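Trainee: Before I ask anything, here is the structure I am working with.
The values are calculated or read from the model by the stated rules, or taken from the named source; none is laboratory data. All figures in this text were calculated on a predicted structure; none of them were measured in a lab. Cβ atoms come from the backbone with ideal geometry, glycine included; neighbour counts cover every protein chain shown. These area figures cover heavy atoms from the full protein model, side chains too; ligands, DNA and RNA do not enter into them. Shrake-Rupley method; radii C 1.70, N 1.55, O 1.52, S 1.80 Å.
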Amino acid sequence: AQSVTQLDSQVPVFEEAPVELRCNYSSSVSVYLFWYVQYPNQGLQLLLKYLSGSTLVKGINGFEAEFNKSQTSFHLRKPSVHISDTAEYFCAVALWASGTYKYIFGTGTRLKVLA
Amino acid sequence: DVKVTQSSRYLVKRTGEKVFLECVQDMDHENMFWYRQDPGLGLRLIYFSYDVKMKEKGDIPEGYSVSREKKERFSLILESASTNQTSMYLCASSFLPGINEQFFGPGTRLTVL
């Protein structure tokens with residue numbers, strides 16, 4: 001069965017430190033991969049996406065993610081976080097199943113940036 | 001900029017009431033989605049629509065129905081609200097399915113008493 005796993009429900013990190021938010025997926029078919037961010041009391045907005053081509057994808061606000069097909073992972077990274085990066089981050093996949101595209105979201109990782 | 005708006009940010013209803021949640025997008029997207037978001041469970045798809053008057057059940061359709069009479073508007077209906085439907089409801093839209101990201105509204109926090 002297809003699934004998306006975000007093992008870390010919460011990640012505390014000090015300001016200006018690097019951070020990695022992990023995402024693993026399970027699928028027998030090709031997928032498209034996305035990272036979304038949700039700031040408090042807001043909807044989700046796209047950070048970056050991987051469709052094909054280079055496995056390193058750069059997104060907004062200095063975030064990047066690397067697609068690793070052999071490990072079925074799509075981890076999100078930022079070399080130096082700011083207080084304003086405090087938010088919840090969701091990994092998602094889109095895959096073709098039963099005649100339509102199916103979207104699966106992970107359970108989210110709360111990033112807390114500490115001063 | 002794509003804009004997805006939802007009719008209410010906060011809503012309080014009583015058990016057994018019929019509840020309508022409205023969503024409007026202004027970018028002529030074919031696809032629209034309704035999710036509920038609960039702590040520790042992430043986003044779960046309730047229903048989606050890929051065209052006017054077309055709808056497909058998502059992962060948790062029980063207790064919900066939807067209506068899409070116009071391309072820009074997608075309504076979620078709770079026929080008889082129950083306390084276990086207390087949640088954050090998020091509407092989203094997208095252009096082509098799969099490769100295109102979804103654009104989300106700000107959400108409606110529904111409390112059923």
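Trainee: Could you run through the range B:98-113 and say how many residues are surrounded by fewer than 22 Cβ atoms within 10 Å (Cβ to Cβ), of a type outside the set (A, V, I, L, M, F, W, C) and farther than 26 Å from B:Glu17 by Cβ?
Mentor: 3
Trainee: I'm trying to understand the selection: among the residues of the range B:81-105, which are at the interface with chain A (Cβ under 7 Å from one of its Cβ atoms) and modelled with pLDDT of 95 or more?
Mentor: B:Leu90, B:Phe104, B:Gly105
Trainee: Across the range A:75-115, what is the total count of residues that are over 24 Å from B:Tyr50 (Cβ atoms), within 14 Å of chain B (Cβ to nearest Cβ) and outside any loop (DSSP other than H, G, I, E, B)?
Mentor: Within the range A:75-115, residues that are over 24 Å from B:Tyr50 (Cβ atoms), within 14 Å of chain B (Cβ to nearest Cβ) and outside any loop (DSSP other than H, G, I, E, B) number 5.
Trainee: State all residues of the range A:58-77 that are at negative phi, surrounded by fewer than 17 Cβ atoms within 10 Å (Cβ to Cβ) and free of Cβ contacts under 8 Å to residues at least 40 places away in the same chain; if no residue qualifies, say none.
Mentor: Correct list: A:Lys58, A:Ile60, A:Glu64, A:Glu66, A:Asn68, A:Lys69, A:Ser70.
Trainee: For the range A:1-25, which residues satisfy the criterion of being in contact (Cβ under 8 Å) with a residue 40 or more places away in the chain and part of a loop (DSSP other than H, G, I, E, B)?
Mentor: Of everything in the range A:1-25, those that are in contact (Cβ under 8 Å) with a residue 40 or more places away in the chain and part of a loop (DSSP other than H, G, I, E, B) turn out to be A:Gln2, A:Gln6, A:Asp8, A:Ser9, A:Glu15, A:Glu16, A:Ala17, A:Pro18, A:Arg22, A:Cys23.
Residues are listed down the side, and each one gets a yes or a no for (1) surrounded by fewer than 17 Cβ atoms within 10 Å (Cβ to Cβ); (2) of a type in the set (Ser, Thr, Tyr); (3) in contact (Cβ under 8 Å) with a residue 60 or more places away in the chain:
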| site | (1), (2), (3) |
| --- | --- |
| B:Gln6 | no, no, yes |
| B:Arg14 | yes, no, yes |
| B:Glu17 | yes, no, yes |
| B:Cys23 | no, no, yes |
| B:Met27 | yes, no, yes |
| B:Glu30 | yes, no, yes |
| B:Pro39 | yes, no, no |
| B:Lys53 | yes, no, no |
| B:Asp59 | yes, no, no |
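Trainee: Kindly evaluate B:Tyr64 against the criterion of being aromatic (Phe, Trp, Tyr), open to solvent by 70 Å² or more (accessible area, probe 1.4 Å) and touching a strand residue (DSSP E or B) at 6+ places or on another chain (Cβ under 6 Å).
Mentor: Considered against the rule, which asks whether it is aromatic (Phe, Trp, Tyr), open to solvent by 70 Å² or more (accessible area, probe 1.4 Å) and touching a strand residue (DSSP E or B) at 6+ places or on another chain (Cβ under 6 Å), B:Tyr64 comes out as no.
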